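One structure is given below, encoded as structure tokens.
The values are calculated or read from the model by the stated rules, or taken from the named source; none is laboratory data. Source: prediction; values computed, not measured. Because the Cβ atoms are built from the backbone with ideal geometry, glycine has one as well, and the counts that use them run over all protein chains shown.
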Ligand SMILES: Cc1cc2nc3c(=O)[nH]c(=O)nc-3n(C[C@H](O)[C@H](O)[C@H](O)COP(=O)(O)OP(=O)(O)OC[C@H]3O[C@@H](n4cnc5c(N)ncnc54)[C@H](O)[C@@H]3O)c2cc1C
């Protein structure tokens with residue numbers, strides 16, 4: 001259907017990294033897809049969501065296609081650098097560093113509908129916005145991210161973040177900043193800290209661990225670690241899905257005196273009484289008093305995806321309403337003109353910005369293939385990366401694939417040994433790398 005016009009950029013990997021001056025951020029820049037040809041087409045492409053995934057795909061499509069009608073749909077005006085929330089929430093960064101304007105990041109030649117998708121109607125190849133606009137498409141990329149389901153924790157309202165010892169760095173820039181304020185107040189006195197981890201798939205599963213490490217470090221710096229107790233409550237049977245990382249962190253926490261409780265699901269917060277309620281597998285409930293609590297909510301697909309035919313219909317991913325894509329090609333399993341990118345995907349792992357870095361070129365390549373009547377032939381390996389803050393000035397750089405196999409990409413950084421280099425990457429190099437991913441440059 002589409003005419004091949006010119007060949008796109010084919011700058012070799014190494015040269016591109018040098019150009020970006022980000023050689024040390026290689027894991028974020030590695031794994032670029034092969035260059036695709038440039039095409040002329042009048043196809044209507046809708047991208048639902050303008051977070052990192054939606055914008056990375058929009059930039060790539062805008063520069064790969066001539067004549068396409070590309071529409072991005074998202075009501076959000078502000079773009080947030082979410083990997084910076086743990087830095088803001090633990091007093092390392094100022095809040096302004098995680099805030100940008102979406103308008104400034106939208107590619108030229110793309111139409112931006114500033115509303116949310118209320119309904120996906122894939123049988124009619126159409127989405128309906130919150131004001132009732134019907135937008136037909138030939139191809140759809142779902143990039144809505146996920147929903148933080150605080151409502152599943154009784155008594156927990158995100159407006160409580162920053163009050164009476166309640167922290168939660170996930171909710172946004174202000175929440176991260178408010179979380180630091182309660183952590184800062186807590187560290188001067190010390191006391192009982194309660195850290196939580198839900199049992200659902202989640203974005204950056206390392207973030208709850210980073211906040212725990214940094215809390216211990218802040219208490220140590222303030223001289224109050226000795227009169228404090230940190231308890232970590234996991235809804236599951238481990239604290240991280242990659243065993244060597246799980247074991248490494250547990251060993252470090254044991255040295256720091258952090259106690260871990262498994263199969264304790266956070267189901268309630270009594271903010272007046274400063275108590276957290278946990279439900280055990282047999283239904284029993286247990287209350288824990290706290291001076292500081294870090295609430296990590298259960299996560300699921302946004303309602304518009306969850307209630308649509310695009311959601312996984314059966315199996316473990318169905319409860320969360322995640323997008324039913326092939327984990328290899330990221331193409332929808334039942335609607336071949338639909339692809340998924342980022343946190344919304346019902347894949348076994350991979351809800352990180354680093355995942356998008358490696359998968360956006362694959363999604364775009366596979367979409368271009370489908371547009372030409374060819375098979376989606378590039379395969380994603382599930383690459384996920386997480387720089388785990390250990391203390392101020394030290395981090396672990398963890399990289400793994402769908403199988404949970406560690407796939408380190410930098411010769412100088414050993415995944416299970418903390419280093420200043422890994423800290424520097426998180427602190428200084430990852431945001432420029434993230435922006436390059438967003439603009440489709442790597
Ligand atoms: C605390 C924290 C720490 C993290 N740390 C790291 C890290 O160290 N390294 C790393 O690689 N990653 C990290 N991440 C994860 C990373 O930020 C996310 O995986 C990534 O931003 C997801 O991008 P996305 O485009 O899928 O979703 P998002 O960036 O969340 O964007 C989704 C967009 O879709 C929009 N949307 C939602 N519903 C609709 C709808 N119905 N219609 C239209 N639009 C809709 C939203 O408004 C939003 O703009 C972290 C995340 C958090 C929260």
Discussion item. So, in the range 276-330, how many residues would count as being in contact with a helix residue (DSSP H, G or I) (Cβ under 8 Å, 6 or more places away or on another chain) and without any contact (Cβ under 8 Å) to a residue 12 or more places away in the chain?
Written reply: 0
Item to complete: Quick one: in the range 207-238, of everything that is away from the ligand (no atom under 16 Å from the Cβ) and either under 26 Å from residue 350 (Cα atoms) or outside the structural domain of residue 195 (by TED's automatic domain parsing) (or both), which residue is surrounded by the fewest Cβ atoms within 10 Å (Cβ to Cβ)?
Response: 237
Worksheet entry | Verdict on residue 125 being in the same structural domain as residue 334 (by TED's automatic domain parsing), more than 9 Å from the ligand (Cβ to nearest atom) and more than 27 Å from the chain's Cα centre (by Cα) | yes
Worksheet item: Here are some residues: 416, 424. Which one is away from the ligand (no atom under 16 Å from the Cβ), in contact (Cβ under 8 Å) with a residue 24 or more places away in the chain, surrounded by fewer than 23 Cβ atoms within 10 Å (Cβ to Cβ) and not in a strand (DSSP E or B)?
Response: 416
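How about the range 89-99: which of its residues are crowded, with 22+ Cβ neighbours inside 10 Å and either more than 9 Å from the ligand (Cβ to nearest atom) or more than 19 Å from the chain's Cα centre (by Cα) (or both)? It would help to see each step written out before you state the result.
Of all residues in the range 89-99, those crowded, with 22+ Cβ neighbours inside 10 Å come to 89-90, 98.
Residues satisfying the conditions are 90, 98.
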Worksheet item: residue 109 versus (1) on the phi > 0 side of the Ramachandran plot; (2) modelled with pLDDT of 95 or more; (3) in contact with a helix residue (DSSP H, G or I) (Cβ under 6 Å, 6 or more places away or on another chain): which is the lone unmet condition?
Response: (2)
Worksheet entry | Breaking point among (1) surrounded by 15 or more Cβ atoms within 10 Å (Cβ to Cβ); (2) more than 15 Å from the ligand (Cβ to nearest atom); (3) touching a residue at least 40 places away in the same chain (Cβ under 8 Å); (4) within 30 Å of residue 408 (Cβ to Cβ), for residue 243 | (1)
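Of 80, 42, 102, which residue is in the same structural domain as residue 122 (by TED's automatic domain parsing) and either within 13 Å of the ligand (Cβ to nearest atom) or modelled with pLDDT of 50 or more (or both)? Walk me through it before giving the result.
Values: 80 fails: in the same structural domain as residue 122 (by TED's automatic domain parsing); 102 fails: in the same structural domain as residue 122 (by TED's automatic domain parsing).
That would be 42, the only listed residue that is in the same structural domain as residue 122 (by TED's automatic domain parsing) and either within 13 Å of the ligand (Cβ to nearest atom) or modelled with pLDDT of 50 or more (or both).
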Worksheet item: Of all residues in the range 340-393 being in a loop (DSSP other than H, G, I, E, B) and within 8 Å of the ligand (Cβ to nearest atom), which is surrounded by the most Cβ atoms within 10 Å (Cβ to Cβ)?
Response: 341
